[in-house]
Amino acid sequence: MVYNSNANIEKLITLLPVPVCNEYQTVKNLTISDGTICNIADSDNSYIFLTVNNTPQKSNSYVLSETFEIRLYPIRFDFEKITEIYPYDKQSTEYKRFLGKRGEYVDPTNPHIVKIGNQIWDSSSNILDYAKKCYEYVASNYQYLNPNTGIHPLADILKNGGGDCGNLTSIYVSLLRYKNIPSRHIITIRPNGTYHVWSDFLLEKYGWIPVDVTEKLNNPKGDYFGYCAGDGIVMSKDLYFPIDLEENKIEYWSMMQTFLYWYWGTGSENSVSATHVIEQH
């Protein structure tokens, strides 16, 4: 919901991520109140794009909503089935798509990531062992800080000694991508309205393996390497997507979890605000 307290709005653009079917969930009967569903190129992510003119008026609001039925799936990867670690198919779409930097948020070339990655790699027997040791390292060496403040630049997270679930995931994903292990953020909203982010990484011929470094930090005796509780609606995968806002104007959506909006007009400072609400039926 976008609320206008005291602005003369000429145009409002609002974006809202759309959940899609994947290994974590089945989505059915999706309807939207307004706008157009758009797909982001070279990704599995979709969003609602809405442009309205001269709305909302002063002291009024505009609501963009989506409704859907969803079934969430817990996943526990069976490591017993791994008999061999295969080299990656470096020509595959998934391998190419989930490596490298993502804006300021994932950076496998960061000097601290390189240093720690080398230390962990030197004590690892293979990429699976490395992925697990990185998971244990992040959970043991960083703090849960600044919850619900959004995604932050990786350099700031490392300097501050931690961050919330999305930011701890950024450290983990950066460490894996440093060793060319395809990995990504899994960005979710729980049905109770809280937010959570974990990661998964690709193991050739075995698929994507979920990893939750934040839950490991919160419960050091728990095992969240290869486990997803199935309690979050996946709104998007990965970070930092270009959005064609209007002609010759590209904006980047750092984390597709709730919404983005822009408005054009005049009025007092901070006269337009927005909220995101989850309702279960």
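Read-outs: derived from the displayed coordinates by stated rules, not from any lab. It should be emphasised that the depicted structure is a prediction, and the values quoted were computed from it without experimental measurement. Methodologically, a virtual Cβ is constructed for each residue, glycine included, from the backbone with ideal geometry; neighbour enumeration extends over all protein chains shown.
What the table below lists for this structure:
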item: Acute angle (nearest 10 degrees) that the helix 111-122 long axis makes with the longest principal axis of the chain, alpha-carbon atoms; result: 30 degrees
item: Sum of -39500 (n - 2.57) over DSSP H runs of 4+, divided by residues of the chain (222 nm, nearest 500); result: -6000 deg cm²/dmol
item: The chain - percent relative contact order, Cα under 8 Å, separation 6 or more; result: 26 percent
item: Inter-site label distance for ALA274 and LYS159 at 7 Å from Cα along Cβ, in nm; result: 2.8 nm
item: GluC sites (Glu not before Pro) within segment 217-275, DSSP loop, no more than 16 other Cβ atoms inside 10 Å; result: GLU247, GLU269
item: Distance between segment 204-246 and segment 108-125 - C-alpha centres, whole angstrom; result: 21 Å
item: Two-decimal log10 I(q)/I(0) for the chain, as the Debye equation yields it once each C-alpha is a single scatterer, q = 0.13, 0.14, 0.17 Å⁻¹; result: -0.91, -1.03, -1.40
item: Overall form of segment 181-249 per C-alpha gyration tensor (a/c, 1.5; a/b vs b/c); result: oblate
item: Fewest-first sequence of VAL234, VAL27 by Cβ atoms within 10 Å of each Cβ; result: VAL27, VAL234
item: Low-density loop cleavage sites - trypsin sites (Lys or Arg not before Pro) in segment 33-95, where at most 12 other Cβ are within 10 Å (DSSP); result: LYS58, LYS90
item: ASN141-ASN8 pseudo-label distance in nm [points 7 Å out on the Cα-to-Cβ vector]; result: 5.7 nm
item: Virtual spin-label span in nm between ARG71 and ILE250, 7 Å along Cα→Cβ; result: 4.0 nm
item: For THR51, THR109, order by how many other beta-carbon atoms lie within 10 Å, fewest first; result: THR109, THR51
item: Diffusion constant of segment 76-229 at 20 °C, which comes from Stokes-Einstein with the Kirkwood Cα-pair radius and 1.002 mPa s, µm²/s; result: 138 µm²/s
item: Selection of GluC sites (Glu not before Pro), segment 56-155, meeting DSSP coil and at most 11 other Cβ within 10 Å; result: GLU84
item: Packing-based exposure ordering (other Cβ within 10 Å, fewest first) of SER174, SER236, SER61, SER273; result: SER273, SER61, SER236, SER174
